[in-house]
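Taking it in order: structure first as structure tokens, then the write-up.
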Amino acid sequence: MKSPAATRSSRIVVSVFCGGRGGSNLIREFLRHPGVELNALINAYDDGLSTGELRGFIPGMLGPSDFRKNLANFLHWHSSYQYALTQLLEFRLSETCGEKEIACLKGWAKTGQEADDSLLPDDLRGVVRELDRMGPAVRGYLEAFFEYQTHQDQAFNFVDCSLGNLIFAGAYLKNERNFNAAAAELARQFHSKAKLLNVTQGENRILVALKEDGEILDRESKIVGPQSDSKILDFFFLDKPLSAEELDRLRSLPGVAERQAALQALHRPVKLSPEARQALLDSDIIVYGAGTQYSSLLPSYMTVGVDEAIAASRASAKVFVVNIHRDHDIQTSSATELVQKALDLLHDPGNKRRMITQVLYTSQSSKPAKSFPRGAEDPAKLFPNLEWIEGEFENPTKAGVHSGYLSVRRIFNAYEEAIVPAEPELDIYINLYKRSLAVSQLIQEFLELPWQTHFKVVRLRFNNVELPRLELPPHLLIESVHRDEMFSEVHELSEWASVRHSKYLATISGDGEYRLCDILYGMEILTQQSFAAVYGSRTQSRNQFYNSLDAAYGESFPLYAMSLAGGFIFSLMFALRFGVIFSDPLTGFRLYNRSSLATVLGKLSRLDDHSASGITKILMQGKCEIAEIPISYRTFDGFTNTKWRLLRSFRNAWRIFF
């Protein structure tokens, strides 16, 4: 039977339930990881300010504001074009923007560079000129909206209107009023780094909430705005806004239960979109993000089909990220109440199906008066199948906002812990190349390091070394193996991939001195990010590099010069072959992570005549991510075999291309 890791690709699929701003730091951090494929799952119930104006102006239109905000997060700001797109999406028309300015904008949308843009605000003028150089695509969406607007009897209020919302409206109209198709097209057109997915199939709904004191919040903008401290009891999806008469009738009902029943009769469920369903099924990690709970998040969980998709998902980690500060809609709630509400909506009140596996809770905020309380009851008793993780997840410079780095780092740890049922094991293979005198020093360092804080078992395997008799703790093993191949570390890797079961492998090979403590440093990189391997660079310290060459070839200037040039030549060869620059592609210090090697484990288990560079070629062809870190390294006079080094170099060069 294959391990869970063996069935996964080298990429990690992450799906985040989010609103517009609450989860932005987490999303940006996920996007910084090249091995992450990100899906943003959003609902479209927003109806505040210009979004509400737009929904009233185009019947059937959903609220685009949260989609617009996320799309702006997904763009590459290092591109001048995409930076201009971001500015355009977020640009708001001010009160001073009158009919002449709107006419000027309409002219630009229709004709581009031929239009007179002198009446546009200075900051907008620069943006549209940048976009003009990239063609008519963006203008086409605005033109579609303005074309619709000119044929309507009612006026549209442009004051404080986001141009991004108008772009979404134009895309909606161009896609035959299919909101989901419009969002997908804009993500493709703007070269978004993540998928922008509507949770629902595009049903037009008005979000209404009922509070415990009987107050009715008849639109989404009231749910997110200032309100009484009475808790929200329930919320509903209506197919049209409540009229003044309907609202008066509901308020005239004698009790809260009667109002709840009347609103329930008006409730019209929504269904999970096929795209969102597939994203959840394919996810390795599902994140219930922070944000406005009763508008951006909890309504998404009530979508018909969400619970089945999450239950059937392959996701190993389903992490609920608790707000740091109290919003208007949850000002008298607690974190445990929110988790329970989410589980209720997901039809798993006891968490028996493990719809949530971990909760990230910020135990102390920089502004204690605004901190979101955990709740009086012990989470371990409330949720026996859930890991409650309390820590410092707040941005150190911005109160109430999550630190993307700290939060995502802990989410990745939860994922790693989930796919490895027990504490992981580590194998370390060392080929000293006839430097048996160094064995005692390595064993001494091995016994001093805190391996048990990271691993259940650590095996230290020396090649062709006679070991002393030692009394070792149960979690440490030292053994001798016998390999005669020139690249014995490659054959050790092949055996590890095919017959052994440890999660991690470290191979250290060469005629120089490496430090075992660098393995722990490399493990931090492997466990916090989705790397398949970490290479230890011997060249990132200039003194270390030159001293090593001097010790190896100091007596022969031609060999010294050839080796010095060879280091740069090999880096260039790797760059030409794979499009990736390694400072030390032939390093003898390497760490491997089994869970991120799924695409190449088969090849690695059948290695025959490969070299160190051949292993790198296999990893690159399998789209495995490789990190490089600086490590300690020394060589010593009298312990270097020049012929052995040159033969390995020629074999490595051959294997880069053949």
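The values are calculated or read from the model by the stated rules, or taken from the named source; none is laboratory data. Please read all numbers here as calculations on a predicted model, not as lab measurements. Cβ: placed from backbone, ideal geometry, glycine included. Neighbour counts: every protein chain shown.
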- Task: Test ASP284 against the stated conditions and say whether it is acidic (Asp, Glu), buried (at least 19 other Cβ atoms within 10 Å of the Cβ), in the same structural domain as GLY400 (by TED's automatic domain parsing) and under 26 Å from GLU29 (Cα atoms).
- Result: yes
- Residues in the range 113-125: is at least one under 24 Å from HIS151 (Cβ atoms), under 37 Å from the mean Cα position of the chain (by Cα) and of a type in the set (Gly, Ala, Ser)? no
- Query: Of all residues in the range 453-476, which are basic (Lys, Arg) and touching a strand residue (DSSP E or B) at 6+ places or on another chain (Cβ under 8 Å)?
  - Reply: LYS456, ARG459, ARG461
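What's the total number of residues in the range 110-136 that are in a helix (DSSP H, G or I) and surrounded by 13 or more Cβ atoms within 10 Å (Cβ to Cβ)?
Qualifying residue count for the region: 12.
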- Message: Which condition from (1) exposed (fewer than 15 other Cβ atoms within 10 Å of the Cβ); (2) among the polar types (S, T, N, Q); (3) in contact (Cβ under 8 Å) with a residue 12 or more places away in the chain is the one that THR96 breaks?
- Response: (3)
- Task: State all residues of the range 219-271 that are among the acidic types (Asp, Glu) and farther than 18 Å from GLY60 by Cα; if no residue qualifies, say none.
- Result: ASP229, ASP234, GLU245, GLU246, ASP248, GLU258
- Task: Please verify whether the range 453-465 includes one or more residues that are loosely packed, with under 13 Cβ neighbours inside 10 Å and within 30 Å of ASN413 (Cα to Cα).
- Result: yes
- Query: What tally of residues in the range 8-49 results from selecting those that are under 8 Å from the mean Cα position of the chain (by Cα) and either part of a loop (DSSP other than H, G, I, E, B) or within 17 Å of GLU90 (Cβ to Cβ) (or both)?
  - Reply: 4
- Please tell me if SER162 is surrounded by fewer than 14 Cβ atoms within 10 Å (Cβ to Cβ), in contact with a Lys or Arg (Cβ under 9 Å, 6 or more places away or on another chain) and outside the structural domain of ILE12 (by TED's automatic domain parsing). no
- Note on the structure: Looking across the range 411-427 at residues that are part of a helix (DSSP H, G or I) and touching a strand residue (DSSP E or B) at 6+ places or on another chain (Cβ under 6 Å), the single one that is modelled with the highest pLDDT is ILE411
- Query: Out of the range 287-297, which residues are closer than 24 Å to PHE30 by Cα and in contact with a strand residue (DSSP E or B) (Cβ under 7 Å, 6 or more places away or on another chain)?
  - Reply: VAL287, TYR288, GLY289, ALA290, SER295, LEU297
- Query: Identify, please: which residue in the range 236-256 is closer than 19 Å to GLY52 by Cα and among the hydrophobic types (A, V, I, L, M, F, W, C) and is, among those, surrounded by the fewest Cβ atoms within 10 Å (Cβ to Cβ)?
  - Reply: ALA244
- Message: Which pairs turn up if I take residues in the range 71-90 that are in the same structural domain as ARG188 (by TED's automatic domain parsing) and in a helix (DSSP H, G or I) and look for partners that are surrounded by fewer than 19 Cβ atoms within 10 Å (Cβ to Cβ) and aromatic (Phe, Trp, Tyr) with beta carbon separation below 9 Å, at least 6 apart in sequence or on another chain?
- Response: TYR83/TRP77; THR86/TRP77
- Message: One residue is enough: does the range 64-78 have a residue meeting the conditions closer than 29 Å to ARG125 by Cα, surrounded by fewer than 22 Cβ atoms within 10 Å (Cβ to Cβ), modelled with pLDDT under 95 and more than 18 Å from the chain's Cα centre (by Cα)?
- Response: yes
- Contacts under 6 angstrom Cβ, first residue in the range 204-232 being free of Cβ contacts under 8 Å to residues at least 24 places away in the same chain, partner buried (at least 16 other Cβ atoms within 10 Å of the Cβ) and of a type in the set (Gly, Ala, Ser), 6 or more apart: LEU217/ALA209
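Answer with yes or no whether GLU101 is in the same structural domain as LEU71 (by TED's automatic domain parsing), closer than 15 Å to LEU62 by Cβ and either out of contact with any strand residue (DSSP E or B) (no Cβ under 9 Å at 6 or more places or on another chain) or hydroxyl-bearing (Ser, Thr, Tyr) (or both).
No; evaluated as a whole, the condition is false for this residue.
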- Item | Residue in the range 188-198 that is modelled with pLDDT of 95 or more and of a type outside the set (D, E, K, R) present | yes
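Conditions (1) hydroxyl-bearing (Ser, Thr, Tyr); (2) part of a helix (DSSP H, G or I); (3) at pLDDT 95 or above, marked per residue:
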site	(1), (2), (3)
ASP307	no, yes, yes
ALA311	no, yes, yes
LEU338	no, yes, yes
ALA342	no, yes, yes
ASP348	no, no, yes
MET355	no, no, yes
LEU360	no, no, yes
SER365	yes, no, no
GLY375	no, no, no
- Counting only strands (runs of 3 or more DSSP E) entirely within the range 443-517, those with at least 3 residues that are within 37 Å of the chain's Cα centre (by Cα) are 457-463, 504-509
- Any idea which residue in the range 615-639 is modelled with the highest pLDDT, counting only those that are touching a Phe, Trp or Tyr at 6+ places or on another chain (Cβ under 8 Å) and not hydrophobic (A, V, I, L, M, F, W, C)? GLU628
- Name every residue in the range 30-65 that is of a type in the set (S, T, N, Q) and farther than 22 Å from ARG277 by Cβ, in order of residue number. SER50, THR51, SER65
